[in-house]
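Okay, so here's the structure we're looking at.
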Amino acid sequence: MDGEGAVSFHVLSLLGGCMSLIVGSSAEDFAAFREAIPAASGRRVYYPQPNIWPSKWPLVDGSTAVLSIRPVPADLLAGKLDDSIRALCESAPGNADLNAWHEAGNLAEYAPLGFITPPAMRAVHQHMQQLVEGTPVSYGAVLCMPPKSMPQWMPGGLDWYGLDIYDWPQFHFPNGGPLDISGRLTERLNSWLAVVRAQTGLKDPKLNICETNSAQPASRAKWFTALGEWLHANGGHRMLTFWSDAGCGPWLPDDLATIEALRALAAL
């Protein structure tokens, strides 16, 4: 059995041919991604300008979205943005997820703003959680940092908890070695789950991986398969891939090994 077939067989054997995991991509690449992986249904959508988002939920047929927005904390906590955020959420379809200030505590572009701090973000998350109540939308925090640093940035009581994670050197064996799936990567994911459990008091919190990829095309099938298997075993809800010309690289429509792995995870 060749490498592509081995990945597909291993995943489908584990999952019994079916998996309730939403697989998808960043919105800009979603059409091409779904052309290769027809069962893909997850989109990651960003509105990066502070206090700017659409009046209605962004819809694409046959898909669901994790939508990230940036409400200015002072305006949000004063109630100035409540009506527009509620209207956005009330227009959403089912299975829609909302997030404010993704990767707070990690993105360097937030530092000059001066108001993205742990106390502010905990208050933002709590206020946003109240705003989505009674709408089709679920609310969560998306972080990208070592799990031990997360508690100050995320309160308990949210609908879901998100992670952005990439194939960084820290998940490889030393000296440029291969991916250490059962060691370094699994330890990081288990630590994340433990922190979320401690913050929420829930044994089975709802988990989303909202951005992920490997900059090395040869590693992508193994990387995505490892994350998908872990999510399946731990109640994961979404695994959304992220593509860019810089950094992790663009979507490659002829990368058959990666496509086969993602098809298996999407339960084709």
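The values are calculated or read from the model by the stated rules, or taken from the named source; none is laboratory data. None of the values given here were measured: they were computed from a predicted structure. Quick reminder, even Gly has a Cβ in these numbers, built from the backbone with ideal geometry, and neighbours come from all protein chains shown. Please note that ligands, DNA and RNA were not included when accessible areas were found on the heavy atoms of the full protein model with its side chains. Shrake-Rupley method; radii C 1.70, N 1.55, O 1.52, S 1.80 Å.
Does Gly162 meet the test of being under 19 Å from the mean Cα position of the chain (by Cα), crowded, with 21+ Cβ neighbours inside 10 Å and in contact (Cβ under 8 Å) with a residue 12 or more places away in the chain? Criteria met by Gly162. Of the residues making up segment 134-146, just one is touching a strand residue (DSSP E or B) at 6+ places or on another chain (Cβ under 9 Å) and either over 15 Å from Asn99 (Cβ atoms) or open to solvent by 50 Å² or more (accessible area, probe 1.4 Å) (or both), namely Pro136.
Out of all the residues in segment 105-120, is one or more modelled with pLDDT of 95 or more, aliphatic (A, V, I, L, M) and within 12 Å of Met154 (Cβ to Cβ)? Looking through segment 105-120, none of the residues is modelled with pLDDT of 95 or more, aliphatic (A, V, I, L, M) and within 12 Å of Met154 (Cβ to Cβ). Out of curiosity, is Leu240 closer than 24 Å to Ser149 by Cα, in contact with a Gly (Cβ under 7 Å, 6 or more places away or on another chain), in contact (Cβ under 8 Å) with a residue 24 or more places away in the chain and aliphatic (A, V, I, L, M)? Criteria met by Leu240. Scanning segment 203-228 for residues that are crowded, with 19+ Cβ neighbours inside 10 Å, more than 15 Å from the chain's Cα centre (by Cα) and more than 15 Å from Tyr166 (Cβ to Cβ) turns up Ala221, Thr225. Of all residues in segment 19-40, those that are of a type outside the set (Gly, Ala, Ser) have Cβ atoms under 7 Å from Cβ atoms of residues that are part of a helix (DSSP H, G or I) and open to solvent by 40 Å² or more (accessible area, probe 1.4 Å), 6 or more apart or on another chain, in Met19/His232; Leu21/His232; Ile37/Arg263.
The set of residues in segment 189-202 being open to solvent by 50 Å² or more (accessible area, probe 1.4 Å) and either touching a Pro at 6+ places or on another chain (Cβ under 9 Å) or assigned to a helix (DSSP H, G or I) (or both) consists of Asn190, Ser191, Ala194, Arg197, Ala198, Gln199.
If you take the residues in segment 95-119 that are at negative phi and in contact with a strand residue (DSSP E or B) (Cβ under 8 Å, 6 or more places away or on another chain), which one is surrounded by the fewest Cβ atoms within 10 Å (Cβ to Cβ)?
For segment 95-119, the residue satisfying everything is Asn106.
Scanning segment 210-268 for residues that are over 22 Å from Arg188 (Cβ atoms), among the small types (Gly, Ala, Ser) and part of a loop (DSSP other than H, G, I, E, B) yields Ala246, Ala266, Ala267.
I need the full set of residues from segment 165-185 which are surrounded by 14 or more Cβ atoms within 10 Å (Cβ to Cβ), outside any loop (DSSP other than H, G, I, E, B) and over 17 Å from the mean Cα position of the chain (by Cα), in order please.
Phe171, His172, Leu179, Ile181, Arg184
Residue selection: Gly157 satisfies the criterion of being touching a residue at least 12 places away in the same chain (Cβ under 8 Å), over 26 Å from Gly24 (Cβ atoms) and either surrounded by fewer than 15 Cβ atoms within 10 Å (Cβ to Cβ) or within 16 Å of the chain's Cα centre (by Cα) (or both).
Only one of the numbered conditions (1) among the β-branched types (Val, Ile, Thr); (2) free of Cβ contacts under 8 Å to residues at least 24 places away in the same chain; (3) not in a loop (DSSP other than H, G, I, E, B) is not met by Ile52, and that is (3).
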